[in-house]
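Data first, discussion second: the structure below is written as structure tokens.
The values are calculated or read from the model by the stated rules, or taken from the named source; none is laboratory data. Just so we're clear, the structure is a prediction, and the values are computed from it rather than from any experiment. Neighbour counts run over all protein chains shown; Cβ positions are idealised from the backbone, glycine included.
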Amino acid sequence: MPPFQNSAIDLPETKSSPKTSTAKPYSVIVLNDPVNLMSYVILIFQKVFGFSKTKATKHMFEVHELGKSTVWTGHKELAESYLYTLQQWHLNAIIEQNE
Amino acid sequence: MKEIVETLISSAYNKLPQKVDLRNEDVEYVDSWKSDLITDMQDDYKILLKIIRQDSFDEGEIIIDNNKFDEVLRSCTAIRLDIRNRLLSKVSDEELETGDLNSLPMEKKEQGAFLAYIFLANIQELIIENS
């Protein structure tokens, strides 16, 4: 596999909490940090979510200028998998249940 | 630079470089999550250590197989975060971005950390450019 192909990477096994089940979706939110390179953040968004470079760049600038960007919304278990993967890449990320 | 990076990896080896906020009160679950992240991070560090211990590194050349790019990128980030939080916490973001070492009141240990911070960022940029 080429190192930076423009498609989503394999996600780790889902790490689900024992007491979860709700219909409300969860959002994966990436927060700003002063260390990670812009090009690095763009690359990770492309690799993890399969974003195009344009979309990844848009989210990177949201993080950089607004302090955060919601990069994915959906089921809790998958949100947790994405969160774990982003944390493996040392991005500052959280998940939040939508109102 | 090899010795500096080895020392930095050694210092950062057993803890995550930044806070992990899971918003989950299940302590066992959170501990397991963090432990898995640390194990993954240590696997990445092992790859970076192998690379900087190559003979070619002493001769000013860094050779990275393209199937190890991800591990190197992640480990460079982890060390840079650790340097930022632990050794360069007094330096402002702006000062760090401009990178003017002479204008910053640093001790020798901090200067070495700063150089490693820049060096690792350069490796990351090269990997990203050449991918």
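Applying a threshold of 9 Å to beta carbon distances and a minimum spacing of six or more residues, or different chains, the list of pairs starting in segment B:117-131 at a residue that is at the interface with chain A (Cβ under 10 Å from one of its Cβ atoms) and within 14 Å of B:Ile79 (Cβ to Cβ) and ending at one that is of a type in the set (A, V, I, L, M, F, W, C) and in a helix (DSSP H, G or I) reads B:Tyr117/B:Ile79; B:Tyr117/B:Ile83; B:Tyr117/B:Leu87; B:Tyr117/B:Leu96; B:Ala121/B:Cys76; B:Gln124/B:Val72; B:Gln124/B:Leu73; B:Gln124/B:Cys76. Taken residue by residue, segment B:66-73 has no member that is surrounded by 15 or more Cβ atoms within 10 Å (Cβ to Cβ), among the polar types (S, T, N, Q) and in contact (Cβ under 8 Å) with a residue 60 or more places away in the chain. Please go through segment B:8-45 and give me each residue that is under 19 Å from A:Gln97 (Cα atoms), more than 9 Å from chain A (Cβ to nearest Cβ) and aliphatic (A, V, I, L, M), ordered by number. Answer for segment B:8-45, where residues must be under 19 Å from A:Gln97 (Cα atoms), more than 9 Å from chain A (Cβ to nearest Cβ) and aliphatic (A, V, I, L, M): just B:Val30.
Residues in segment B:28-65 that are surrounded by 13 or more Cβ atoms within 10 Å (Cβ to Cβ), more than 19 Å from the chain's Cα centre (by Cα) and not aliphatic (A, V, I, L, M): B:Tyr29, B:Trp33. Look at (1) within 11 Å of chain B (Cβ to nearest Cβ); (2) within 12 Å of the chain's Cα centre (by Cα) and you find that A:Gln97 fails only one, number (2).
Restricting the first member to segment A:39-56 and to residues that are assigned to a loop (DSSP other than H, G, I, E, B), and the second to residues that are of a type in the set (Gly, Ala, Ser), the beta-carbon pairs closer than 6 Å and six or more apart or on different chains are A:Gly50/A:Ser7; A:Gly50/A:Ala8. Just to be sure before I move on: is B:Ser75 within 14 Å of B:Phe119 (Cβ to Cβ) and within 11 Å of chain A (Cβ to nearest Cβ) in the structure I sent? The answer is yes for B:Ser75. Among the residues of segment A:45-66, which ones are in contact with a Ser or Thr (Cβ under 9 Å, 6 or more places away or on another chain) and within 14 Å of chain B (Cβ to nearest Cβ)? Result: A:Phe45, A:Gln46, A:Lys47, A:Val48, A:Met60. Here A:Phe61 passes the criteria (1) touching a Lys or Arg at 6+ places or on another chain (Cβ under 7 Å); (2) surrounded by fewer than 21 Cβ atoms within 10 Å (Cβ to Cβ); (3) free of Cβ contacts under 8 Å to residues at least 24 places away in the same chain except the one numbered (1). From the list A:Ser27, A:Ser69, the lone residue that is at pLDDT 95 or above, away from chain B (no Cβ under 13 Å), part of a strand (DSSP E or B) and within 12 Å of the chain's Cα centre (by Cα) is A:Ser69. Annotation note: of A:Leu86, A:Leu91, the sole residue that is within 13 Å of another protein chain (Cβ to nearest Cβ), surrounded by 15 or more Cβ atoms within 10 Å (Cβ to Cβ), under 19 Å from B:Tyr29 (Cα atoms) and modelled with pLDDT of 95 or more is A:Leu86. Restricting to segment B:57-85, give me the number of residues that are polar (S, T, N, Q) and more than 14 Å from B:Ile123 (Cβ to Cβ). Going through segment B:57-85 one residue at a time, the tally reaches 2. Residue under question is A:Pro3, and the condition is that it be touching a helix residue (DSSP H, G or I) at 6+ places or on another chain (Cβ under 7 Å), in a loop (DSSP other than H, G, I, E, B) and at pLDDT below 95; does it hold? For A:Pro3, the condition - touching a helix residue (DSSP H, G or I) at 6+ places or on another chain (Cβ under 7 Å), in a loop (DSSP other than H, G, I, E, B) and at pLDDT below 95 - is met.
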